[in-house]
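Since every read-out is calculated from the coordinates, none of them should be taken as a lab result. Since the model is a prediction, treat every value here as computed from it, not as a measurement. Don't worry about glycine lacking a Cβ; one is built from the backbone with ideal geometry, like all the others, and counts go over all protein chains shown.
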Amino acid sequence: MIMNNGTNISRRDAMTLGAAGAGGLMLGSPQHASAVKAGKAKAVIQIWMWGGPSHLDTFDPKPDAGSDYCGPYTSPIETNVSGIRICERLPLLAKQADKYSIIRSMTHGINGHETASYVTQTGRPVGGEVYPCAGAIVSLFKGVDAGYKGLIPPYVVLTKPQGRFSESGFMGLRYKPFATGGKPSAPIFTVEGVIQQGITKARQQDRRNLISTLDTYGRKMKGNPAFEQMDMCEEQAYELILGDAGKVFDIKSEDKDLRARYGASDFGASCLIARKLVESGVPYVTINYNGWDTHKKHFDIMNNKLTEMDRGFSTLLDDLSQRGLLDSTIVWWGGEFGRSPKIQHGAPWNDGRGHFGKCFSHVIAGGGFQGGHVIGTSNGTGEEVADRPVYPWDLIGSIYEQLGIDTNAKLPHPQGLDVRVSPTEEDGVTIGGRLREIMT
Amino acid sequence: MVKNYFRWIIIGVVLGMNNFMPALGATNPNSAKIDRMVFAKLDELGIPRSDLCTDEVFLRRVYLDMTGTIPTPKQARQYLSSNGTNKRSELIEELCERGEFSDYGSLKWCDLLRVKAEFPSKLWPNAVQAYHRWVRTALYNNMPCDEFCRALLTSSGSNFRVAPVNFYRAMPKREPLEIARIVALTFMGMRTDHWDEEQLLGMAAFFGRVGYKGTAEWKEEIVYFDPSMEFLHPESKQPVEARLPNGIVVEPSLNEDPRIAFADWLVESDVFARNIVNRIWYWLLGRGLIHEVDNIRDDNPPQNKKLLDFLTQELVRSGYDMQHIYRIILNSKTYQLASIHNEGNLADVSSFSHYYTRRLDAEVLIDAICQITGTTESYSSEIPEPFTFIPEKLRAIKLSDGSITSPFLDLYGRPPRDTGYASERNNIPSPSQKLHLLNSTHIQKKITSNKALLGMYYKKSKEKKKPTQAWLPPEEAIEGMYLAILSRYPSAKETNDALAYIRESGLGRYDASVDLVWALFNTKEFIFKH
């Protein structure tokens with residue numbers, strides 16, 4: 001079939017294209033599938049700490065730095081791994097420390113949200129082309145082009161896209177995430193387009209018939225390729241609407257106690273849904289966890305949010321592990337930067353923390369990453385990397401490697417430029433090195 | 001700048017006096033020329049053209065192509081009931097005066113100029129506002145496009161106060177080679193990766209003295225001519241001669257801003273005018289005479305060279321009047337052909353034998369849904385600054401900042417404004433889009449919130465203090481839905497089908513009406529420009 005932009009595509013291709021969850025130029029092709037070997041990991045759950053969480057008040061406590069740095073969090077707690085201590089507000093995560101490793105020497109030096117988000121999520125330095133973020137890359141290599149057959153799109157965001165930069169970069173709409181919208185903790189989580197309250201399946205059927213009755217113009221245009229594609233999209237959409245695939249978003253069928261452990265918050269519910277999505281074969285799920293840009297009222301916010309995060313994140317690790325899914329699922333926690341270790345006293349911040357890209361922490365678990373380790377160290381105040389700097393490309397490159405994605409594979413580019421998955425020294429970046437210490 | 005504006009007023013006066021004012025109607029000789037050239041090419045290729053479109057199709061199409069807005073039921077009724085012989089031309093003239101014409105034009109230009117606050121342009125909200133307003137004002141006043149381009153290329157000053165300097169800020173890298181690459185893409189429709197190195201270096205030398213400096217004001221930046229700078233060859237580290245893309249070497253004096261010499265050459269060259277008319281043709285007809293519009297090169301010839309040359313000359317002859325080009329295209333039969341194919345032209349995707357259907361742009365689609373249902377969307381920026389406050393009623397085509405988005409706009413392929421390539425805007429249908437329109441709470445809520453659209457009204461009576469709820473006769477309600485959603489009256493068959501649904505679906509009047517509106521939203525006639 002010929003589309004208006006002159007691209008030739010077969011009906012079967014168009015169906016596959018449809019399944020990507022987002023139409024686009026026919027950029028992906030089987031050559032990309034061949035860049036994927038069987039990896040240790042099959043899926044990624046990314047807990048995106050939107051806004052940049054304080055490293056001192058989570059996984060890199062500095063009780064000896066004095067109250068100008070550690071504020072009220074003066075007594076970090078021991079974890080179930082001897083020698084690793086984390087913030088006292090994370091008691092449940094302290095019991096799971098054998099499952100994850102902490103990177104305390106993340107660095108890129110950028111203090112602007114938009115640029116830091118780009119670098120941290122794409123694993124790419126700034127300048128020139130706008131690269132796709134990790135989720136879009138995984139969607140390329142593990143999604144429809146690589147034989148993913150699920151009705152739920154291969155790259156799901158709970159619940160809102162984060163903006164700041166385009167997730168799929170030059171690869172375009174086809175690799176954009178499917179954002180659920182809605183409120184995960186509500187009695188019915190209305191996933192935009194998938195689950196709607198109060199419309200029965202019978203009425204859906206009636207509506208479907210009604211469209212075809214009223215589609216006068218569509219009938220006149222019978223045979224037009226652009227419209228045939230639209231019809232295929234509709235067919236596929238109905239398969240999801242009328243079928244059972246959408247049940248993956250329903251957490252009511254889950255064990256009540258388990259749900260309570262995840263917590264009643266949107267974040268907790270999102271963690272549980274992320275597990276269900278991964279269980280059903282979705283290769284990349286991002287939980288956009290908002291609210292960490294704590295310039296003001298920092299400790300008040302942290303007192304509340306850390307408890308919520310502690311519940312959701314720790315239960316997710318435990319639940320994945322109990323189901324035998326942790327070995328094949330990477331859980332990646334982190335934001336665009338950390339927060340200034342030195343507390344900003346006085347107006348207007350009144351004990352807040354600013355942006356801090358020079359040194360911060362990320363956490364990585366599962367999918368072939370060993371738990372119970374700390375990679376790198378920060379100095380006594382958490383303001384400098386003291387040892388073993390880890391750049392975003394080191395971390396993301398390691399994730400790709402565990403997924404079996406060739407980090408030197410070519411990416412589809414609309415103008416045909418030779419662009420590769422991960423940067424090398426030739427791209428002008430400093431390489432800290434993959435996380436060999438914990439990669440099995 | 002004052003001088004430029006002055007010149008621009010003079011041109012306006014001159015235009016008013018001579019024959020560049022549009023000759024109205026199908027008799028517009030320039031439009032007739034376009035048709036002769038297009039139809040001759042079709043004859044040559046043996047492709048039969050489609051019939052002319054009907055008034056109801058023309059109404060909706062020209063509204064959408066010019067203003068990115070569908071007509072209201074009142075506008076549709078008025079137009080469809082008018083018997084004027086020149087009604088199509090008159091409508092084109094009327095729409096030229098609409099604010100939405102400038103809004104929608106600004107949207108397209110700002111896509112091209114990569115206007116966004118955040119990554120990678122990083123213009124920041126107040127500069128985005130200033131830049132967008134400058135572009136819109138220029139289009140609203142129909143600033144000649146040579147002046148428009150010259151202002152963007154040669155201005156110096158503060159990003160907040162001299163808005164066109166933001167052209168030099170909305171770049172992934174602020175260096176001469178990158179500036180040259182972007183200038184070629186934007187104003188010449190060319191990709192420099194096809195050029196030889198010397199050509200690109202020579203052009204970059206014109207941008208070797210563009211300086212940037214901050215001020216004491218938060219996020220203010222001055223773009224200026226810095227005579228102390230020099231563009232050096234990346235390898236030999238020797239100064240590079242400023243060489244125009246046509247090979248001529250220019251030697252600006254030390255105290256002269258070399259950007260001016262470049263802009264002088266560019267706006268006078270056919271390269272510039274051709275790029276502008278090719279883009280306008282693409283915006284209106286869905287495909288450039290040179291395809292893609294930003295891939296102009298010798299081995300990518302135009303589909304119809306005579307026509308492209310003619311339009312190029314017309315732009316120059318009219319004093320770089322972009323509206324003139326809009327007018328002569330819109331008044332042509334070529335533009336007014338039906339989208340419905342015949343046996344001989346179904347496969348044609350490049351010879352303009354019929355109007356090529358295109359899915360509505362993301363912004364246009366959500367605006368249409370909001371207009372019909374009387375609802376609004378809320379847009380907000382991640383940047384907490386006063387300049388990012390967006391009134392609830394603001395339409396998506398008026399959003400100035402490419403960083404401000406919504407799940408709907410993202411889903412429907414709004415361009416991220418990363419590169420300025422036309423292909424960034426993606427209007428190809430996907431199942432996720434279908435899911436949203438078929439089954440989302442977002443759309444359902446909009447439909448159910450507008451009782452008037454569903455045919456309900458409140459009746460006042462003397463006996464009761466409170467007005468009572470009543471329903472329009474179903475035929476009348478159905479007619480209203482068709483006019484609001486599809487900008488036309490329903491056929492007898494359609495009315496009967498809709499009546500049958502109200503009667504036989506087993507749903508109450510309210511639910512059945514919701515389903516009717518919902519079904520019309522999901523017809524191809526609504527989702528596509530046709």
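Miscellaneous remarks
- For chain A, adding -39500 (n - 2.57) for each run of n ≥ 4 DSSP H residues and dividing by the number of residues yields -9000 deg cm²/dmol at 222 nm.
- Computed over segment B:97-150, the P(r) tail beyond 17 angstrom holds 36 percent of alpha carbon pairs.
- Extension gain, A:ASN290 to A:LEU417, is 42.2 nm, computed as 0.36 nm per intervening residue step minus the present C-alpha separation.
- Between B:HIS233 and A:LYS149, the distance separating the two model label sites (each 7 Å from Cα on the Cα→Cβ line) works out to 6.0 nm.
- Chain B pair-distance distribution - Cα-Cα, 20 Å bins, rounded %: 20, 51, 25, 4, 0
- Legend: translational diffusion of chain A by Stokes-Einstein, Rh = Kirkwood radius over C-alpha pairs, 25 °C, 0.890 mPa s; D = 108 µm²/s.
- Using 0.36 nm per residue and subtracting the Cα-Cα separation, the extra length available between B:ASN450 and B:LYS466 on full extension is 3.8 nm.
- Label separation (A:GLU426 vs B:CYS370): 4.7 nm, computed from points 7 Å beyond Cα along the C-beta direction.
- Kirkwood-Stokes translational diffusion coefficient of segment A:158-302, alpha-carbon pairs, 25 °C, 0.890 mPa s, µm²/s: 134
- Distance between segment B:113-177 and segment B:264-339 - C-alpha centres, whole angstrom: 23
- Averaging Cα coordinates gives a centre for segment B:391-446 and one for segment B:30-47; these two points are 36 Å apart.
- Three principal axis lengths of segment A:72-210 [C-alpha, angstrom, descending]: 65, 44, 31
- Compactness of segment B:354-400, expressed as Rg and Dmax over alpha-carbon positions, Å: 13.6, 48
- Averaging 1/r over every pair of different alpha carbons in segment B:195-302 and inverting the result gives a Kirkwood radius of 16.2 Å.
- Using the Cβ-Cβ distance between B:GLN313 and A:ASN408 with R0 set to 51 Å, the FRET efficiency from 1/(1 + (r/R0)^6) comes to roughly 0.50.
- Alpha-carbon Rg/Rh ratio, for segment B:160-241, with Rh computed the Kirkwood way: 1.00
- Enclosing the Cα atoms of segment A:301-440 in their convex hull gives a volume equal to 170 cubic angstrom per residue.
- Taking only alpha carbon atoms, segment A:256-337 gives an Rg to Rh ratio of 0.99, where Rh is the Kirkwood radius.
- Given charges at beta-carbon only (K, R positive; D, E negative), |dipole| of segment B:432-530 in Debye: 580
- Given in Å, the Rg to one decimal and the Dmax to the nearest whole number for the Cα atoms of segment A:361-440 are 14.8, 48.
- In terms of Cα atoms, the Rg and Dmax of segment B:398-530 work out to 18.7, 65 Å.
- Loop-located GluC sites (Glu not before Pro) in segment B:233-326, at most 14 other Cβ atoms within 10 Å (DSSP): B:GLU235, B:GLU241, B:GLU256
- As a calculated quantity, the FRET efficiency between B:ASP43 and A:SER67 at R0 = 60 Å, using C-beta atoms, amounts to about 0.10.
- Cα-projected label distance for B:ASP55 with A:SER280, points at 7 Å along beta-carbon direction, nm: 5.2
- With neighbours defined as other Cβ atoms within 10 Å of a residue's Cβ, the residues B:ARG488, B:ARG509 order from fewest to most as B:ARG509, B:ARG488.
- The trypsin sites (Lys or Arg not before Pro) found in segment A:228-304 that occupy coil by DSSP, while having at most 11 further C-beta atoms within 10 Å, are A:LYS252.
- Zone of A:ALA386's modelled label, taken as backbone nitrogen in segment A:343-379 under 18 Å from a point 7 Å along Cα→Cβ: A:358-362, A:373-379
- Diffusion coefficient of segment B:125-199 by Stokes-Einstein, Kirkwood radius over Cα pairs, 10 °C, 1.306 mPa s: 119 µm²/s.
- The Rg/Rh ratio for the protein assembly as shown is 0.98, where Rg is the radius of gyration of the alpha carbons and Rh is the Kirkwood radius.
- At R0 = 35 Å, FRET efficiency that the Cβ-Cβ distance of B:ARG174 and B:ARG133 yields, to 0.05: 0.90
- Restricting segment B:448-530 to GluC sites (Glu not before Pro) that sit in a DSSP loop and have at most 14 other Cβ atoms within 10 Å of their own Cβ leaves B:GLU463.
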